[in-house]
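Working notes for the structure below.
What follows draws every value from the coordinates through simple rules; no lab data is involved. Quantities reported herein were computed from a predicted structural model and do not represent experimental measurements. Backbone-built Cβ (ideal geometry, glycine too); neighbour counts: all protein chains shown.
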Amino acid sequence: MKKKQTTSESLSWPLEMAAELGITFIDLKRDFAFKWAFGTSGHEDLLLLLLKGLLPDKHIKSVTLGPQEQQPDREDSQGGIYDIHCETDDGSSLTIEMQVCSQADFNDRMVFYSSFPIRNRVGQGIVVKDDMEIYQKYKLPPIYTIGILDFELMGVSKSDRVIRHFSIREDEDGNAQFTDSVHYITVELPKFMKESSDLLSLQDYILYLLKNMGQMKEITKEFQGKGLDKLLETCMFANMNQDLQMQYVRRMMAEKDRIGQLATAKMQGFEEGREEERLKTAKAMKAEGISTDVIAKCTGLTPEQIESL
């Protein structure tokens, strides 16, 4: 008879699974982990730390989390679901998306996401400039869309820079800015090659943790005294409550299964393509009067397969 699982045993399985899989810290490249670390109420200080690392020149002092979902204007339109949406102390709107799987049109996806804060923030009314009242119905606050990618961005010119800034400018004169309201920022993690011993700035530490936290086994001396204590402690698997542990492990295993299924389907498609090509080659050789034995040796098909063509 199968032994009945006790409550203590059922509650301990996430830690046992984590030990078996070698998990010490959650992997920030996974949507669930990224949202938990930076997009959870009570973690605004961690989000602020992230933004100070990625946008040091913006001098952000505080952030307020906003809705992570935007409804479409029409029933036949698509809404937007963000990993993180927030506003900063200077009124800027920031949307942040972590993307692991390579996506050829991710730059267009960023533009699509920026359309929601643009739509929602139009209509600032009258502003005073140089003692004159100016009606600026369409004046936008700064809107930033940030894509953190575990692949290199496609569809744009190549660059060695890990963090790239894009804005709307004139085609013929790249220095002529059309608007300073809309900004697109990409963070291409595969380009970040520094080891833990080479980290210098807060940006270095943030990029390193985004890329490598899932493989870390301990908090080494390089990370001590850098203002990263809460982030590291929050992301330590053993420090999470059991519900979060179970969610993380289940989603991680589901993601592994999905990747395995995609790889299997891709391999099956490759094999089917090879088989089709071999049949095509054999048919052409047969039409040229080449013997069945020679065709079999060249294509790997059986004589029966060749005779049936």
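Going by a ≥ b ≥ c, the root eigenvalues of the Cα gyration tensor, does the range 156-198 fall in the rounded group (a/c under 1.5), the prolate group (a/b larger than b/c) or the oblate group?
Values: a/c = 3.57, a/b = 2.52, b/c = 1.42.
Here the range 156-198 falls in the prolate category.
Which FRET efficiency value, to the nearest 0.05, is calculated for Asp229 and Asp198 with the Förster distance at 25 angstrom and r the Cβ-Cβ distance? It would help to have the intermediate numbers written out before the result.
Values: r = 21 Å, r/R0 = 0.84.
Taking R0 as 25 Å, the efficiency between Asp229 and Asp198 is 0.75.
Kindly flag which residue pairs out of Lys194/Lys221; Lys58/Lys191; Lys52/Lys230 have an alpha-carbon separation exceeding 20 Å in this structure. Don't skip to the answer; put the middle values down first.
Values: Lys194/Lys221 16 Å; Lys58/Lys191 23 Å; Lys52/Lys230 15 Å.
Too far apart for the 20 Å limit: Lys58/Lys191.
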Worksheet entry | Highest to lowest packing among 48-57, 238-247, scored as the average C-beta count within 10 Å | 48-57, 238-247
Discussion item. Can you compute the modelled spin-label distance between Thr179 and Cys101, with each label point 7 Å from Cα toward Cβ, in nm?
Written reply: 3.2
